[in-house]
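Worksheet for the structure shown next.
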Amino acid sequence: MNILDRLLRHDADTTRKLLQLAAGLSDEDLDRTFDLGLDTLRKTFWHMIDCHESWLDQMKGRPARDENWRADISVAELIKRHDAVCEELYAFAKDIEDNNRLNETFIDHWMDPPRRKTFGGCIVHLATHAMHHRAQLLFMLRRLGVEGVPEGDALTWENQARGGWEPA
């Protein structure tokens, strides 16, 4: 497992775990307002997934998906979109890495005027951007009294992914 595997798999698995915890919440709790970030669990999850989709579409040079915010989007739909984009991003990133293209650029058409950005920088941005919002989700879930909220850190994730640490 290399650093890219760790960054992207930790990102995907930890966000999925939080989505699974949120699946048991009422719409009222999903939309409860907190004075933090994007205000609600539902908006924060949607934003994280939308960012992954949007940046992946730009890196692949294709039109952006037509996924507008829906206040009634279910956690099941969010999980489906999350799983799909994380698998696609992982495959794309591995291909970029395997072909030594992390320092190659794509055009960021959101900037005016458009600017070139590196694939490697954008891939790292997605993982770190998601961690920023996961911290907000962790806070919201804990404030709602959700049981089993993980620490969400990379070492705990790797310990679980490896089936435990080897004795010294």
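The values are calculated or read from the model by the stated rules, or taken from the named source; none is laboratory data. Note that the structure is a prediction, hence the values are computed from the model and not measured. Cβ atoms come from the backbone with ideal geometry, glycine included; neighbour counts cover every protein chain shown.
Yes or no: D153 within 15 Å of T15 (Cα to Cα), among the acidic types (D, E) and out of contact with any strand residue (DSSP E or B) (no Cβ under 9 Å at 6 or more places or on another chain)? Before you say what the answer is, go through the steps one by one.
Values: within 15 Å of T15 (Cα to Cα): yes; among the acidic types (D, E): yes; out of contact with any strand residue (DSSP E or B) (no Cβ under 9 Å at 6 or more places or on another chain): yes.
Yes.
In the stretch 93-105, the condition of being exposed (fewer than 13 other Cβ atoms within 10 Å of the Cβ), under 15 Å from Q58 (Cα atoms) and not aromatic (F, W, Y) is met by at least one residue.
May I ask you to verify whether A64 is exposed (fewer than 12 other Cβ atoms within 10 Å of the Cβ) and small (G, A, S)? Here the answer is no, as A64 does not meet what is asked. Considering the stretch 114-128, and only residues there that are crowded, with 17+ Cβ neighbours inside 10 Å and part of a helix (DSSP H, G or I), the residue that is modelled with the lowest pLDDT turns out to be A127.
Listed by first and then second residue, the pairs linking a residue in the stretch 35-47 that is in contact (Cβ under 8 Å) with a residue 24 or more places away in the chain and basic (K, R) to a residue that is assigned to a loop (DSSP other than H, G, I, E, B) and surrounded by 16 or more Cβ atoms within 10 Å (Cβ to Cβ), with Cβ atoms under 7 Å apart and 6 or more places separating them unless they lie on different chains, are R42/I73. Note on the stretch 98-128: residues that are of a type in the set (V, I, T) and touching a residue at least 60 places away in the same chain (Cβ under 8 Å) amount to 2.
Okay, residues lined up against (1) assigned to a loop (DSSP other than H, G, I, E, B); (2) among the hydroxyl-bearing types (S, T, Y); (3) in contact with a Gly (Cβ under 7 Å, 6 or more places away or on another chain):
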position	(1), (2), (3)
D112	yes, no, no
R134	no, no, yes
L138	no, no, yes
G145	yes, no, no
L155	no, no, no
P167	yes, no, no
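Restricted to the stretch 1-46, and to residues that are under 11 Å from the mean Cα position of the chain (by Cα) and among the polar types (S, T, N, Q), which residue is farthest from R70 (Cα to Cα)? Taking the candidates together, the pick is T14.
Among the residues of the stretch 136-165, those identified as surrounded by 13 or more Cβ atoms within 10 Å (Cβ to Cβ) and among the aliphatic types (A, V, I, L, M) are L137, L138, M140, L141, L144, V146, V149, A154, A161.
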